[in-house]
């Protein structure tokens with residue numbers, strides 16, 4: 001290790017590389033932390049939408065702000081995968097640590113057959 005004029009040891013090339021990489025990572029994270037502060041933990045990343053619920057009332061994602069929402073896409077005439085997936089979802093919602101105020105929104109991909117009356121049933 002060589003010394004500087006003031007008698008202090010000169011940092012090795014490896015130490016300088018590590019310091020530069022650390023500095024680059026820190027500088028790269030600044031915009032991400034700004035986005036995190038602006039958007040919170042994904043609070044504003046999903047665009048708002050309005051759908052009709054089973055009672056014929058509007059359901060908007062923005063009305064759910066501050067509460068966790070699970071969006072489930074399916075259709076009521078799904079005899080095989082949908083009931084199993086919904087059963088797994090119901091089990092997951094009862095797991096320890098899952099917030100009690102989770103809303104599950106079933107969004108049909110077959111609106112012709114899945115009318116509000118069918119969805120309510």
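Read the figures in this text as sums done on the coordinates, not as results from a lab. Everything numeric in this text was worked out from a predicted model, so none of it was measured. With ideal geometry, Cβ positions are generated from the backbone for all residues, glycine too; neighbour counts draw on all protein chains shown.
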Sticking with the crude label model, points 7 Å out along Cα→Cβ, report the distance from residue 105 to residue 85 in nm, one decimal please.
-> 1.7
Using only the Cα atoms of the stretch 50-120, build the gyration tensor, take square roots of its eigenvalues as a ≥ b ≥ c, and label the shape rounded, prolate or oblate: rounded if a/c is under 1.5, else prolate if a/b is larger than b/c, else oblate.
-> oblate
One finds, for residue 64 and residue 21 with R0 = 41 angstrom and r their Cβ-Cβ distance, a FRET efficiency to the nearest 0.05 of 0.50
